[in-house]
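Single-structure report; data block below.
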Amino acid sequence: MPHPVRQPIGLHLARVAKVASRAFDDALTQAGGSLPIWLVLLSIKSRQSASQRQLAEAAGIQGATLTHHLNAMEAAGLVIRRRDPANRRSHLVELTAPGDALFHRLRDAAMAFDGQLCSGLSERELDQIEELLGRLRDNVS
């Protein structure tokens with residue numbers, strides 16, 4: 001069996017994604033959060049308030065996992081949950097002032113990480129990366 005000329009792109013992509021993901025989570029941790037917390041805060045911030053189901057979908061987190069994160073975030077005073085007046089079986093989730101402050105810290109950390117990640121790349125190269133990553137995603141969808 002002949003040896004491949006280059007490393008399979010899927011393996012290379014998986015390794016790069018793992019390194020980038022760990023570094024991103026480290027940056028968020030240093031700012032006082034984590035990727036799941038950032039995704040939840042970002043989802044809430046973009047809506048002002050949202051149902052738990054909407055948050056789970058937007059953040060790409062399973063309902064039970066989201067509940068675990070929301071319980072911890074509520075205990076830490078970052079969010080509040082209240083019954084939806086239009087549907088008493090549903091809870092709406094809103095940011096508190098400390099939650100909003102954490103959102104801004106994590107946003108700054110995410111933006112700084114993105115700047116580091118994209119350092120030395122031109123706008124044209126970034127456009128190409130986005131296009132190529134989209135095509136790779138489409139190839140496996």
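With a Förster radius of 25 Å applied to the C-beta separation of Leu11 and Thr65, the computed FRET efficiency comes to 0.35.
Candidates Gly99, Ala17, Gly77 compared by Cα position along the dipole of the chain: farthest toward the positive end lies Gly77, with charges placed on Cβ. The slack between Ala76 and Ser21, meaning 0.36 nm per residue of separation minus the straight C-alpha distance, is 17.3 nm. In segment 1-126, Cα pairs under 8 Å separated by at least six residues give a relative contact order of 26 percent. Charge dipole of the chain (Cα centre as origin; +1 on each Lys and Arg Cβ, -1 on each Asp and Glu Cβ, all else neutral): 560 debye, rounded to the nearest 20. Each Cα pair under 8 Å and six or more residues apart adds its separation to the average, and for segment 41-98 the resulting relative contact order is 39 percent.
Under a 5 Å amide H cut-off, with hydrogens placed 1.01 Å from N, Asp84 pairs with Ser90, His91, Leu92 among residues at least 5 apart or on other chains. Label reach from Ala112 (point 7 Å along Cα→C-beta): in segment 11-42, amide nitrogens under 16 Å belong to 23-35. Exposure check, 1.4 Å probe, all protein chains in place: Ser141 carries approximately 120 Å² of accessible surface. The distance linking segment 85-103 with segment 1-36 is 32 Å (Cα centroid to Cα centroid, whole angstrom).
The values are calculated or read from the model by the stated rules, or taken from the named source; none is laboratory data. The structure presented is a predicted model; accordingly, all values stated were derived computationally and were not measured. Note: ideal-geometry Cβ built from the backbone for every residue, glycine included; neighbour counts use all protein chains shown. Side chains are part of the model used for accessible areas, which takes the heavy atoms of the whole protein and leaves out ligands, DNA and RNA. Shrake-Rupley method; radii C 1.70, N 1.55, O 1.52, S 1.80 Å.
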